[in-house]
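Trainee: This is the structure, below, for whatever I ask next.
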Amino acid sequence: MKTYLVGGAVRDQLLNYPVKERDWVVVGASPDELLQQGYQQVGRDFPVFLHPKTREEYALARTERKMGAGYYGFSCDYNPHVTLEEDLARRDLTINAIAMDSEGKIVDPYHGQDDLHAKLLRHVSPAFVEDPVRVLRVARFAARYHHLGFKLANETRLLMYEMVKRGELEHLVPERAWQELQRSLGEKNPEQFIQTLRVCGALRVVLPEVDALFGVPNPPRYHPEVDSGIHTLQVLGAAVAMSENPVIRFAALVHDLGKACTAMNTWPSHPGHEELGLVVIERLCLRLRIPAEYRKFALLVCRFHLKIHRLSELRAGTIVDVLEQSDSFRREGLFENLLVVCEADSKGKDCNSGYPQAKHWRFLHEECAKISAQSLIDEGHQGEAIKLGLHQRRVSCAQHIISAWEKNEK
């Protein structure tokens, strides 16, 4: 029985990149032997065990044979005679098919170190085509290592394209698709996840709502980049620069999905795209089973982002409606996140532009928040009268601020 450190831990160690977790492969052992040593089995389809002390994952060396479509269509062989080289051969990329023994010796039968030096994402073998999730994993690695100069090997791009053409991605499990998208949102360049899927045709299968934005024009007066898809990627990039929160980044990605649904005879304008986008986001989140936290905030951004931008055009009553309907008085952090995405949306048009709306909205919120329901209760108001009175006083407060701003401008 021998154990080897494998996959991401070895890859990132060789790249001098932070190692987040360590995975191990065990050669020459059976499930019973590991159980007798105190390991806890957690894998159902193939034996994966938790170390009795470190709780790190140890998987028996295995080979796989394609038996059916999709992620679960494999038969695994994990008998003690499976070699390390056979186990590494089933991995997706050469840079993930490197192992290290207990003495620190590198085992690299598929030349992953060469591809690390060349900064290439290259598949290990033709067996790559057997698992559709690998297309998304490659896109995620492109998002992870783009800033280091990594590129997708041409032969791997072609292989991914052929998988899409054959319909293999139709068998993706929704949870796995979301898992890869969610993980990509935490990387340095999540826009590369979208770009990589797009160049091989996978985006129209995995995220057709985002793919539909490419080729949809925006008014050049407000959008120098013109194309709605390009704008979306620029907004995502701006959001990455402003926040590490994946919920914010997801909202930045989907905030303009409604533009692909507006009538073509209105282009490059997109009247009502906010309302149209709500339906698209709901459908996307339902299909990929995206958590409610992501869905609710994305809907909030889609619904209110234009009003946040157009503060100077709004009446006091509408301003207070936005503050109340966005739940800003109970969840101030949520409203602040909304402003972050809106500022990223503005910077997606011009990365050097200022965004004074954020400061003005914060001031309006701060002043209106000083008006308490308790003062109305003390005055004898009850029930709906409290809610109505609170709204009216907030409107008066907002109107006073607006009037002061207009006076200063004159």
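The values are calculated or read from the model by the stated rules, or taken from the named source; none is laboratory data. Bear in mind the structure is a predicted one, so any value in this text is a computation, not a measurement. Don't worry about glycine lacking a Cβ; one is built from the backbone with ideal geometry, like all the others, and counts go over all protein chains shown.
Trainee: Within the bounds of the range 70-85, is there any residue that is closer than 20 Å to R137 by Cα and either of a type outside the set (F, W, Y) or at pLDDT 90 or above (or both)? Spell out how you get there, then give the answer.
Mentor: Of the residues in the range 70-85, the ones closer than 20 Å to R137 by Cα are 70-74.
Within this subset, residues satisfying the condition of being either of a type outside the set (F, W, Y) or at pLDDT 90 or above (or both) are 70, 73.
Yes, the range 70-85 has at least one match.
Trainee: Is it the case, given these coordinates, that V129 is crowded, with 18+ Cβ neighbours inside 10 Å and among the hydrophobic types (A, V, I, L, M, F, W, C)? Working first, answer last.
Mentor: Values: crowded, with 18+ Cβ neighbours inside 10 Å: no; among the hydrophobic types (A, V, I, L, M, F, W, C): yes.
No, not satisfied.
Trainee: Of all helices (runs of 4 or more DSSP H) completely enclosed by the range 209-314, which ones contain at least 2 residues that are farther than 15 Å from K347 by Cβ, among the small types (G, A, S) and under 21 Å from the mean Cα position of the chain (by Cα)? Before the answer, list the steps.
Mentor: Values: elements: 228-242, 246-254, 273-288, 292-309.
So the answer is 228-242, 292-309.
Trainee: If the Cβ limit is 7 Å and pairs must be 6+ apart or interchain, which residue in the range 264-279 that is surrounded by 16 or more Cβ atoms within 10 Å (Cβ to Cβ) pairs with which residue that is among the β-branched types (V, I, T) and in a loop (DSSP other than H, G, I, E, B)?
Mentor: Filtered contacts from the range 264-279: H270/T262; H273/T262; L276/T262.
Trainee: Would you please list the contacts, defined by Cβ atoms under 7 Å and residues six or more apart or on different chains, that run from a residue in the range 381-405 that is without any contact (Cβ under 8 Å) to a residue 24 or more places away in the chain to a residue that is assigned to a helix (DSSP H, G or I) and surrounded by 12 or more Cβ atoms within 10 Å (Cβ to Cβ)?
Mentor: So the pair list comes out as H381/G389; I386/A373; I386/L376; I386/I377; G389/L376; L390/A373; L390/L376.
Trainee: Looking at the range 195-204, is at least one residue in contact (Cβ under 8 Å) with a residue 12 or more places away in the chain, out of contact with any strand residue (DSSP E or B) (no Cβ under 8 Å at 6 or more places or on another chain), within 17 Å of A298 (Cβ to Cβ) and crowded, with 24+ Cβ neighbours inside 10 Å?
Mentor: No, every residue in the range 195-204 fails to be in contact (Cβ under 8 Å) with a residue 12 or more places away in the chain, out of contact with any strand residue (DSSP E or B) (no Cβ under 8 Å at 6 or more places or on another chain), within 17 Å of A298 (Cβ to Cβ) and crowded, with 24+ Cβ neighbours inside 10 Å.
Trainee: Quick one: which residue in V173, V133, V164 is among the β-branched types (V, I, T) and closer than 30 Å to M1 by Cβ?
Mentor: Details: V173 fails: closer than 30 Å to M1 by Cβ; V164 fails: closer than 30 Å to M1 by Cβ.
The unique qualifying residue is V133.
Trainee: Consider F297 carefully, then state whether it is out of contact with any Cys (no Cβ under 9 Å at 6 or more places or on another chain), crowded, with 22+ Cβ neighbours inside 10 Å and modelled with pLDDT of 95 or more.
Mentor: Values: out of contact with any Cys (no Cβ under 9 Å at 6 or more places or on another chain): yes; crowded, with 22+ Cβ neighbours inside 10 Å: no; modelled with pLDDT of 95 or more: yes.
In short, no.
Trainee: If you check L60, L93, L121, L84, which single one turns out to be in contact with a strand residue (DSSP E or B) (Cβ under 8 Å, 6 or more places away or on another chain) and more than 30 Å from L34 (Cα to Cα)? It would help to see each step written out before you state the result.
Mentor: Values: L60 fails: more than 30 Å from L34 (Cα to Cα); L93 fails: more than 30 Å from L34 (Cα to Cα); L84 fails: more than 30 Å from L34 (Cα to Cα).
Only one candidate qualifies: L121.
Trainee: With the structure loaded, tell me whether V135 is hydrophobic (A, V, I, L, M, F, W, C) and modelled with pLDDT of 95 or more or whether it fails that test. It would help to see each step written out before you state the result.
Mentor: Numbers: hydrophobic (A, V, I, L, M, F, W, C): yes; modelled with pLDDT of 95 or more: yes.
For V135, the condition - hydrophobic (A, V, I, L, M, F, W, C) and modelled with pLDDT of 95 or more - is met.
Trainee: Restricting the first residue to the range 311-331 and requiring it to be within 15 Å of K387 (Cβ to Cβ), which pairs with a second residue that is in a loop (DSSP other than H, G, I, E, B) and not polar (S, T, N, Q) meet a Cβ separation below 6 Å and a spacing of at least six or different chains?
Mentor: F329/A369
Trainee: Taking helices (runs of 4 or more DSSP H) that do not extend beyond the range 319-408, which have at least 2 residues that are more than 25 Å from the chain's Cα centre (by Cα)? Full working, then the answer.
Mentor: Numbers: elements: 332-347, 356-368, 373-378.
Ranges flagged: 356-368, 373-378.
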